[in-house]
1. Connecting C-alpha atoms closer than 10 Å in a GNM of the chain, tell me which of LYS131, LYS65, LYS48 has the biggest fluctuation.
2. If you average over every viewing direction, what projected area does the convex hull of the Cα atoms of segment 35-123 give, in nm²?
3. Averaging sequence separations of C-alpha pairs under 8 Å and six or more residues apart, then dividing by the length of the chain, give the relative contact order as a whole percent.
4. Over segment 31-109, what is the relative contact order in whole percent, taking alpha-carbon pairs under 8 Å and six or more residues apart?
5. Rolling a 1.4 angstrom probe over the protein heavy atoms, how many square angstrom per residue are accessible across the chain?
6. Less than 11 Å Cβ to Cβ from PHE32, Lys/Arg counted +1 and Asp/Glu -1: what total charge do the surrounding residues give?
7. Report, to one decimal in Å, the Kirkwood hydrodynamic radius for segment 1-79 based on all distinct Cα pairs.
8. For segment 1-121, what % of the accessible area comes from carbon and sulfur atoms, probe 1.4 Å?
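The values are calculated or read from the model by the stated rules, or taken from the named source; none is laboratory data. Just so we're clear, the structure is a prediction, and the values are computed from it rather than from any experiment. Using ideal geometry, Cβ is built from the backbone for each residue, glycine included, and neighbour counts are taken over all protein chains shown. Keep in mind that these areas ignore ligands, DNA and RNA; they rest on the heavy atoms of the full protein, side chains included. Shrake-Rupley method; radii C 1.70, N 1.55, O 1.52, S 1.80 Å.
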Amino acid sequence: MANTYRKIILHVVFAVKYRQALLHKSWRRNVFGYIHEAINGRGNYCIKVGGYNDHIHILFDYKCKEPIEDIVREIKKASNILINQKYSKIKFDWQVGYGVFSVGWKELDQMIKYVDPDFQERHHGKGCSFKDDYFRLLKEYEVEYKDEFVFEFFDNILDE
């Protein structure tokens, strides 16, 4: 539509099923690259993909060509197939669900640094858990949630 302008930067986060540490360091950057290209292939502009052994962060310029849930579903499905066929020796699955957060233009540089795989490696390698980070994001963005619908974490499974 003429004279319609927008800039929508999204930060998508999702986890390995049961938050298992299955994204091996030796190949996870290949998966990040694959996801980066898949986001672009869907008509968006991927800015950065990163994560750690149990989760993924995707930062991209959303072009509004399809619903966000379709993008995430298809990215998870395609990367799941890639990981199972090429990298993982055991059955790999992504956890059901995801988080999506808007990123202001002024915060973009800071978010790029946060999502960067090297930062994620240092950040989570020092003991900051994905669970703590995820709940921090939910609170920071004032997202209402119910505990029973948030990702299943190992400590929740062990407590049952």
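1. Among LYS131, LYS65, LYS48, the largest mean-square fluctuation in the Gaussian network model of the chain belongs to LYS65.
2. For segment 35-123, the mean projected area of the Cα convex hull comes to 6.2 nm².
3. Rounded, it is 31 percent for the chain.
4. Rounded, it is 22 percent for segment 31-109.
5. I get 59 Å² per residue for the chain.
6. +1
7. Value: 13.2 Å, from the Cα pair sum.
8. That fraction is 52 percent.
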